[in-house]
1. Once the convex hull of the C-alpha atoms of segment 2-132 is built, how many Å³ does it hold per residue, rounded to a whole number?
2. So how tilted is helix 307-316 from the main axis of the chain? Cα-based, degrees 0 to 90, rounded to 10.
3. Of the listed pairs 200/299; 215/364; 16/98; 312/364; 155/215; 241/364, which have alpha-carbon separations greater than 19 Å here?
4. Tally up the carbon and sulfur contribution to the accessible surface of the chain as a whole percent, 1.4 Å probe, everything protein left in place.
5. Assuming 0.36 nm per residue, please report the length gained on full extension of the stretch residue 11 to residue 276 beyond their Cα-Cα distance.
6. At residue 138 and residue 307, where each label point lies 7 Å from the Cα along Cα→Cβ, what is the point-to-point distance in nanometres?
7. Amide H neighbours of residue 39 under 5 Å, at least 5 residues apart or on other chains, H built in the peptide plane: list them.
8. Taking R0 as 41 Å, what FRET efficiency do you get between residue 94 and residue 339 from their Cβ-Cβ distance, rounded to the nearest 0.05?
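The values are calculated or read from the model by the stated rules, or taken from the named source; none is laboratory data. Small disclaimer: the values here were computed from a predicted structure and weren't measured. Cβ sites come from the backbone with ideal geometry, for glycine too, and all protein chains shown count toward neighbours. Heavy atoms of the whole protein, side chains included, go into the accessibility calculation; ligands, DNA and RNA do not. Shrake-Rupley method; radii C 1.70, N 1.55, O 1.52, S 1.80 Å.
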Amino acid sequence: MEGIRSSTRSRDLLRKIKEFTLSILEALSEGRSPLIFIQSFRTYCTNLDSICSCRSNKPSGHEILTFQKESHVHRIDVLLRVLLIVQQLLQENKHASKRDIYYMHPLIFSDQSVVDRAINDICILLQCSRHNLNVVSVGNGLVMGWLRFFEAGRKFDCINSPNTAHTIPVLVEDVKDLSFRWLPHADLVSAALYILVVEKESVFQRLENDKFCSKNRCIVITGRGYPGVPTRRFLRLLMDKLSLPVYCLVDCDPYGFDILATYRFGSMQMAYDAKFLRVPQIQWLGAFPSDSENYDLPKQCLLPLTIEDKRKTEAMLQRCYLHQEVPDWRSELELMLQRGTKFEIEALSVHSLSFLSEVYIPSKIQEIKSICQV
């Protein structure tokens, strides 16, 4: 059934590509400059004086590309070349990474960011997600814990070895039959009580070594820093299918917070697809600025915020969702800026190597549960 849906989607996209290119050729044959309307989307704004519509998933405006503007000519050229590559991928049912596409015309594309923008423009024009174009991201996420699933005919059995890391599938649409709890003959099973997302691989490895999943019956995921699309899509899939609590553990610094915000609200670069990538239910487990006192971190574990850290924090404080949806997050950011210090999650190891897994995380989860019960 999934194969039929995928084939139908590809045919629909190929039809849209044909209609788009014909409209450009028609305009040129009539001596007119084609007008290409690219809608604009955003995950946040900095207009704090009024209620915005950033969460509506509707366009916030549009940009018109035309050959009459010299600055647009190269962008349109790149867009059409990438569109031709996408058409070929769909026709031949093949996949390519953004980097593959860049190296097909490196002299013309000049930089990877130029290709990235063209792919985003095409997704907006065709009203689809990037993976629908058969353009895939390089997978870098990891998962372990109480989960079993099939992907493209391969079985990922984390349940029999819950503390063993598995690479998150790149083609998340190929993940089949997610079931939950103990269904005796289900192809895919999860007996987890919650999902924990950690920012860094080093923290993931700490939990792996401490056999955290065996002791706590959970699923642990890391995007190894800023999460790629496969990691975010996989997490969203688990959230939709399993309906489990999701907690996020990041460094107590501006970049850790930005990673947390990417999971919950989506990234500005892919704002057009945010409704399929974000996980609104995700809860910030830590680390908070106040944790340095609550968990008795020595001053030697605290690092001063750099000028760039302060600039980034001040900019993030202007995001609308910090004022409208998570004001408590804003308070923590303000406290970080006020104190002028940051620290890594690994700093908790000053107490003991397993303090993170045996004390900090369990106490934080219990704290959230207590608040939810009030």
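1. Numbers: hull volume 18.6 nm³, N = 131.
About 142 Å³ per residue, rounded to a whole number.
2. It works out to around 70 degrees.
3. Working: 200/299 23 Å; 215/364 16 Å; 16/98 21 Å; 312/364 27 Å; 155/215 24 Å; 241/364 25 Å.
Over 19 Å Cα-Cα: 200/299; 16/98; 312/364; 155/215; 241/364.
4. Numbers: 9340 of 18100 Å².
Result for the chain: 52 percent of the exposed heavy-atom area is carbon or sulfur.
5. Details: separation 265, 0.36 × 265 = 95.40 nm, distance 2.17 nm.
Full extension from residue 11 to residue 276 adds 93.2 nm.
6. Placing both labels 7 Å along Cα→Cβ, they lie 3.2 nm apart.
7. 63
8. Numbers: r = 52 Å, r/R0 = 1.27.
That gives a FRET efficiency of 0.20.
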